[in-house]
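A short write-up of the structure that comes next.
The values are calculated or read from the model by the stated rules, or taken from the named source; none is laboratory data. Values in this document were obtained by computation on a predicted structure and should not be read as measured data. Positions of Cβ are backbone-derived with ideal geometry, glycine not excepted, and every protein chain shown enters the neighbour counts. Just the protein is used for accessible areas: all its heavy atoms, side chains included, with ligands, DNA and RNA removed. Shrake-Rupley method; radii C 1.70, N 1.55, O 1.52, S 1.80 Å.
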Amino acid sequence: MPLTTIYVAPPFGSPDKPIPAVSTVELARLFGRSAALAGVSLRVETGRAVALLGPNGAGKTTLLRILSTAIRPSFGTAEVDGLDVGRQADAVRRRIAYLSHANGLYDDLTALENLRFAARLLDVPAAEVDSRLRAALADVGLTPVGDQRVAGFSAGMRKRLALGRLLLSPHSLVLLDEPHAALDEDGMALVDDLIRRWHDAGITVLVASHAAERLAPLLDGRIRLDGGLVTAIEGDGVTLNDTPAPAARAIPAGATTP
Amino acid sequence: MSGLARTATVALAIARKDAVAELRGKHATTSTLFFAAVVLLLFGFALGPDTRRLAEAAPGLLWLAIVFAGLLAVGRLHLVETDDGALEQLALYPVDRRAIYAGKAVSGLAAMLILGIVLLGVVAVLYGIDLAGAWPALVLTLVLGCIGFAAVGTFYAGVTVRMRAREVMLPLLMLPVIAPLLLAAVKATAAALAGDPFGELAAWLQLLAGYDLVMLIAGGATYGFLLEE
C-alpha cells in the first residue's frame, strides 16, 4: 500500500502549445576520442514513460547523465521542459529526479539521516521533512532499518534507499538507469509500481534498461540506441527531432564510436 | 527562503553531515592527530635536546605539523564523497555551488581548528613553551591560519579528488599556494609567543586575513566548475 504522495513539478507548456519534456538536437558527447553519443536528435512528450534500450556502450547512460546535468554535452543541445541543461542547469535540477548506477549514499549515516540530508538539499519545507522521509522510507520497504547505518546495507537495500530519495521532492522528469539492477523480485515490483505511479501522475519517465519485456506493459514508447546513435523509435510519445541543428554537425573527423 | 539563508542552510547541512560521519566513523581524526604529534616528536629528536633551539623553532614546527595533518584532513573530507558516487549526487542537488564549497570548507575548518588547538598543546608540552599570556593572539593566528588552509584545501581537494594519484597531487598543488599563509602564520605565532616586541603581530594577522578573504572568494567562485565533468 503506497504511502507517499507523488510530488509533481507542473509542466511549463499548455495543451495547445506543449513543451516537450526532453528535446535534444544533434546531441553528442566525447570521452577522449571516443563518442559515447554521436548526434542524437529526439523529442519525448510530457507525461510519457519511455524506455531507452540498447546493448552495453550504446550511449543510454551518457544520455541520462547529460539530461541530469551530471555531464555536459560536447556538441549539440539538450533541453528538459524547454530549459537548456547547460545554461539553465539549476532550473533543470529542480525538475528532475535521477537514479544513477551509484546510489550517492553516505555509509556512516543511517538510512533516515541520508534521506534527511537529501531533503535539506532538495529544499523540502522544514515542517514536512519528517513526514515525507518516513513515508518515503515506508514506500521502499526500509522502515525497520531506518535507524541503521547504510554501511551494513546490501546492494538491493541501497538501491531502495536511493529510490526513496526520488520520492522526497517534486519532479517533472524521472531518469532511471537500470533501476531493476541489484533488486530482488519484491524490489523489482516496487520499481514497476513507482514507474506506474509517476506515469499516472503525469511525470515523464525515461528508463534505461535491459529488462525490455518486464517494462513493456508500463511504457508508451521505446528508443533504441546503438553506437551512440538512435537506431529505432517505437510506440507513442517519442519522435525524432526535426528542429534544424543550430550549426553543421560538429563531430571532429577521426572521432570513433564504441 | 532567501538566497543567503538557503546557502547557509545547505552549507551547514553539509558540514553537519561531515561531522556526524567523521565522529561515527572515527576515520581520520584520531589517527591524523597521532600522526601530527609523532611528527612534532620527531622534529624534537632531529633538533636535539637544546631547549632554547626547540623554543625558537617551535612556531615553524607547529605550523608544519598543522600543514601535514591538515593535508590529510581536507583530503579525507573529499574522499568520503567518492564512496558510492556521493560527489556526483551532491552536484545534482539544486543548490548554489558556493554553498557546497562553503559546507566543505566549514568541515575543513572545524577539523583544522581541532588539530591546531591540540597540536599547540603538544608543542607547549614537548618543547617546554609557556603559552600563558599569549593565548588571545595565538588563538586568533590559529583561526585565521586555519580559515586560509581550509579555503585553499577545499578547492584543491576538489581538484584532485577524481585523480588516481590524489594523495601526491594534493600536497604538490597546494603547498606552493599556501607558502604565504605558512610564512605569515609562523611569523605571527613567533611574535605572539615573544610578546610582540617589535609590534609586527598586527601586520602579519592582517596579511593572513587578506589571504583568507582572497582565497575564500576565489574558491567559492571556481569550485562549481570542479563538480562538472
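Filter the stretch A:52-73 down to residues that are basic (Lys, Arg) and over 14 Å from A:VAL230 (Cα atoms) and give me whichever is nearest to the other protein chains (Cβ to nearest Cβ).
So, considering only residues that are basic (Lys, Arg) and over 14 Å from A:VAL230 (Cα atoms), the one nearest to the other protein chains (Cβ to nearest Cβ) is A:ARG72.
Quick one: in the stretch A:96-113, of everything that is closer than 20 Å to A:LEU176 by Cβ and facing another protein chain (nearest Cβ under 9 Å), which residue is most open to solvent (accessible area, probe 1.4 Å)?
A:HIS101
Any chance the stretch B:2-18 includes a residue that's closer than 18 Å to B:LEU113 by Cβ, open to solvent by 50 Å² or more (accessible area, probe 1.4 Å), hydrophobic (A, V, I, L, M, F, W, C) and within 12 Å of chain A (Cβ to nearest Cβ)?
yes
Name every residue in the stretch B:132-172 that is open to solvent by 60 Å² or more (accessible area, probe 1.4 Å) and not in a loop (DSSP other than H, G, I, E, B), in order of residue number.
Residues satisfying the conditions are B:TRP135, B:PRO136, B:VAL139, B:LEU140, B:ARG166, B:GLU167, B:VAL168, B:LEU172.
Identify, please: which residue in the stretch A:75-95 is part of a loop (DSSP other than H, G, I, E, B) and under 17 Å from the mean Cα position of the chain (by Cα) and is, among those, nearest to the other protein chains (Cβ to nearest Cβ)?
A:ARG94
May I ask you to list the residues in the stretch A:102-140 that are assigned to a loop (DSSP other than H, G, I, E, B) and in contact with a Gly (Cβ under 8 Å, 6 or more places away or on another chain)?
Scanning the stretch A:102-140 gives A:ALA102, A:ASN103, A:GLY104, A:ASP107, A:ASP108, A:VAL140.
This table checks each residue for (1) touching a Ser or Thr at 6+ places or on another chain (Cβ under 9 Å); (2) within 19 Å of A:ARG29 (Cα to Cα).
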{"position": "A:GLY86", "(1), (2)": "yes, yes"}
{"position": "A:ARG93", "(1), (2)": "yes, no"}
{"position": "A:ALA102", "(1), (2)": "no, no"}
{"position": "A:ASN114", "(1), (2)": "no, no"}
{"position": "A:ALA118", "(1), (2)": "yes, no"}
{"position": "A:SER131", "(1), (2)": "no, no"}
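Please find, within the stretch A:114-153, the residue that is surrounded by the most Cβ atoms within 10 Å (Cβ to Cβ) out of those that are within 14 Å of chain B (Cβ to nearest Cβ) and more than 27 Å from A:ARG94 (Cβ to Cβ).
Ranking the qualifying residues of the stretch A:114-153, first place goes to A:PHE153.
Inside the stretch A:17-28, can you point out the residues that are open to solvent by less than 30 Å² (accessible area, probe 1.4 Å) and part of a strand (DSSP E or B)?
A:VAL22, A:SER23, A:THR24, A:VAL25, A:LEU27, A:ALA28
For the structure I just gave you, tell me whether B:SER31 is more than 14 Å from chain A (Cβ to nearest Cβ) and either surrounded by 16 or more Cβ atoms within 10 Å (Cβ to Cβ) or free of Cβ contacts under 8 Å to residues at least 60 places away in the same chain (or both).
When the stated conditions are applied, B:SER31 passes them.
Only one of these conditions is not met by B:GLU81: (1) free of Cβ contacts under 8 Å to residues at least 40 places away in the same chain; (2) over 22 Å from B:LEU120 (Cα atoms). Which number is it?
Here B:GLU81 clears every test but (1).
Looking at this structure, is B:LEU216 without any contact (Cβ under 8 Å) to a residue 40 or more places away in the chain, surrounded by 14 or more Cβ atoms within 10 Å (Cβ to Cβ) and out of contact with any Gly (no Cβ under 6 Å at 6 or more places or on another chain)?
In short, no.
Here's a check for you: in the stretch B:116-131, which residue that is among the β-branched types (Val, Ile, Thr) and assigned to a helix (DSSP H, G or I) is surrounded by the fewest Cβ atoms within 10 Å (Cβ to Cβ)?
Checked the stretch B:116-131; the qualifying residue surrounded by the fewest Cβ atoms within 10 Å (Cβ to Cβ) is B:VAL125.
Right, A:ARG72: assigned by TED's automatic domain parsing to the domain that holds A:ILE223 and assigned to a loop (DSSP other than H, G, I, E, B) or not?
Considered against the rule, which asks whether it is assigned by TED's automatic domain parsing to the domain that holds A:ILE223 and assigned to a loop (DSSP other than H, G, I, E, B), A:ARG72 comes out as yes.
Among the listed residues B:LEU226, B:LEU205, B:LEU182, identify the single one that is within 30 Å of B:ASP83 (Cβ to Cβ) and surrounded by 18 or more Cβ atoms within 10 Å (Cβ to Cβ).
Answer to the check: B:LEU226.
Assess whether A:SER14 counts as being of a type in the set (Ser, Thr, Tyr), open to solvent by 10 Å² or more (accessible area, probe 1.4 Å) and either in contact with a strand residue (DSSP E or B) (Cβ under 8 Å, 6 or more places away or on another chain) or more than 21 Å from A:VAL92 (Cβ to Cβ) (or both).
no
In the stretch A:159-237, which strands (runs of 3 or more DSSP E) lie fully inside it and hold 1 or more residues that are open to solvent by 10 Å² or more (accessible area, probe 1.4 Å)?
A:221-226, A:229-235
As an exercise: evaluate A:ALA49 against (1) within 14 Å of another protein chain (Cβ to nearest Cβ); (2) of a type in the set (A, V, I, L, M); (3) closer than 23 Å to A:LEU183 by Cα and give the number of the one condition it does not meet.
Here A:ALA49 meets the rest and fails (1).
Any chance you could count how many residues in the stretch B:68-95 are more than 8 Å from chain A (Cβ to nearest Cβ) and surrounded by fewer than 23 Cβ atoms within 10 Å (Cβ to Cβ)?
Residues flagged as more than 8 Å from chain A (Cβ to nearest Cβ) and surrounded by fewer than 23 Cβ atoms within 10 Å (Cβ to Cβ) within the stretch B:68-95 amount to 8.
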